[in-house]
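Colleague: One structure, as C-alpha cells, below. Some questions next.
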Amino acid sequence: MRSGMETGIGGKVAVVTGAGRGIGAAVATALARLDATVAAVDVDAAAVSGLAAELGGKCAPYPADVADGAAVAAVVDSVERDLGPVDILVNVAGVLRPGTVAELSDEDWDRTFAVNTTGVFHLCREVSRRMVPRERGCIVTVSSNAAGVPRHGMSAYAASKAAATLFTKSLGLELAGHGIRCNVVAPGSTDTDMQRVSWTGDQDAQRVIDGDLGTYRAGIPLRRIADPEDVADAVVFLVSDQARHVTMHDLYVDGGATLRA
C-alpha cells in the first residue's frame, strides 16, 4: 500500500460527512491512516466522538445536520480555524426512506432530498468557496448505483442521488479551471445499517446477491455484498494524486449489479 505522502493525501485536511458509521466511517478511517487530518461530520454526536477517540489525533468530531445550511457554514469555518484549509471533501451523509410513491409522505420526500441532495450542496458551496482562491482541492460525493437505474420502492432515494450526482459533475465543470476535481462514487448494496434496515432473516443477504425478478432488480455478478472499505478504497483513489487527471467521473462500486446501464 502506498503511504500518505506517496498518494498526496498525507498532511491534508479532509471533511467527511456521514462519518459516524458505515461508509463514512470507513472513508474517515482510510484517510486518517494515510495521515490526513479528518473532520468527521455527522448528526450523531456520540458516533463521531467515538470515531475521533478511536483514530486519535488524526480525527476531530464536528456534529452537525448537513441539511442545515447555517450549521454547515459554521462547521466549515470551525474546521478551517481548528485544523487548517480544507483540501478534501467527501459527501457521504445520506438517508433512505423506502416505499412506493403512493406510500411516501411529504416528510419522507423532503428529508430525503434535504440530506442526500441539499446537504451535498451546502458542503460543496462552503468548501468550494474556500478552495477556489487556493486553486486546489478534491471533492467526492458518494452517491448510489440507484442514481443510474430505476429502483422499485426507492423513488425518493434514487431521485435524490441522481440529483446529487449531476450536481457534483456540474460543479466539477465549474471548478476545473481552478485545478479542483469533483467526482462521484456510486456504491451498490453495501453492508451498512442502511442496507440491513429492511432485512428480517438469515437469507436476506443472499436474496440481494441473487436479485429479485419480482421488482426487476438484477443480482450481483461478483456474488458478494460490498464492505464499506471497498467503497472507501474507491474514494481514496479519487482524492489521491493517482487520480490527478480524473474529474467529473462516476465510479460504480457495485460488483456489476447495474450491468453498468
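Colleague: Being over 16 Å from Ala26 (Cβ atoms) and aromatic (Phe, Trp, Tyr) is the filter; apply it to region 216-257 and report the residue that is modelled with the highest pLDDT.
Modeller: Of everything passing the filter in region 216-257, Tyr252 is modelled with the highest pLDDT.
Colleague: Here's a check for you: in region 85-139, which residue that is aromatic (Phe, Trp, Tyr) and closer than 13 Å to Met154 by Cα is farthest from the chain's Cα centre (by Cα)?
Modeller: The extreme case among them is Trp109.
Colleague: Give all pairs with beta carbons closer than 9 Å in which a residue from region 144-173 that is over 12 Å from Leu96 (Cβ atoms) and β-branched (Val, Ile, Thr) meets a residue that is at pLDDT 95 or above and in a helix (DSSP H, G or I); count only pairs at least 6 apart in sequence or on separate chains.
Modeller: Close Cβ pairs (under 9 Å, with a partner that is at pLDDT 95 or above and in a helix (DSSP H, G or I)) amount to Val149/Ala158; Thr165/Ala147; Thr168/Val120; Thr168/Cys124.
Colleague: So which residues in region 50-94 are part of a loop (DSSP other than H, G, I, E, B) and free of Cβ contacts under 8 Å to residues at least 60 places away in the same chain, if there are any at all?
Modeller: If the condition is that a residue be part of a loop (DSSP other than H, G, I, E, B) and free of Cβ contacts under 8 Å to residues at least 60 places away in the same chain, then Ala64, Asp65, Val66, Ala67, Asp68 are the ones that fit.
The values are calculated or read from the model by the stated rules, or taken from the named source; none is laboratory data. Source: prediction; values computed, not measured. Methodologically, a virtual Cβ is constructed for each residue, glycine included, from the backbone with ideal geometry; neighbour enumeration extends over all protein chains shown.
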